[in-house]
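The next block holds one structure in the form of structure tokens; read it before the comments.
The values are calculated or read from the model by the stated rules, or taken from the named source; none is laboratory data. Everything numeric here is computed off the predicted structure, so don't read it as measured data. Here the Cβ positions follow ideal geometry from the backbone for every residue, glycine too, while neighbour counts run over all protein chains shown.
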Amino acid sequence: MTEVKVLVVDPVGLHARPATVAVHAASKCKCKVTISFNGRSMDMKSIMGVMSLGIPTQSEVVISCDGEEEEAALQSIVETLVAQKVIEGPEAEAAPEEA
């Protein structure tokens, strides 16, 4: 299992559009992807699951990948969410940047 702690910076938190971006990024991955907030974890490939966490802006969440190509999957998800300004870069490196 590979995981990273990130800060949600989107002004509305992880709701509606930002949640859709997150689910879309996770859905491209072959491995299991989980997002954890406030002691609860949900499948990051489920829009209802992600939105049910009620993650507000400036919250720390943990994104975990477990299974096939987990490191590449986590890096891809983090890069997508940073590019869309949903999260701030991770505190710890998710995976090496070398290909």
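Some observations on this one:
- Qualifying position, being without any contact (Cβ under 8 Å) to a residue 60 or more places away in the chain, in a helix (DSSP H, G or I) and within 14 Å of residue 3 (Cβ to Cβ), among 77, 35: 77
- For the range 44-66, the criterion of being in contact with a His (Cβ under 9 Å, 6 or more places away or on another chain), among the small types (Gly, Ala, Ser) and over 18 Å from residue 89 (Cα atoms) is met by at least one residue.
- Of the listed requirements (1) farther than 21 Å from residue 30 by Cα; (2) surrounded by 19 or more Cβ atoms within 10 Å (Cβ to Cβ); (3) modelled with pLDDT under 95, residue 94 misses just one: (1).
- Search result, residues across the range 1-60 that are over 14 Å from residue 77 (Cβ atoms), β-branched (Val, Ile, Thr) and buried (at least 19 other Cβ atoms within 10 Å of the Cβ): 55
- Among the numbered conditions (1) in contact with a helix residue (DSSP H, G or I) (Cβ under 9 Å, 6 or more places away or on another chain); (2) under 15 Å from residue 83 (Cα atoms), the only one that residue 17 does not meet is (1).
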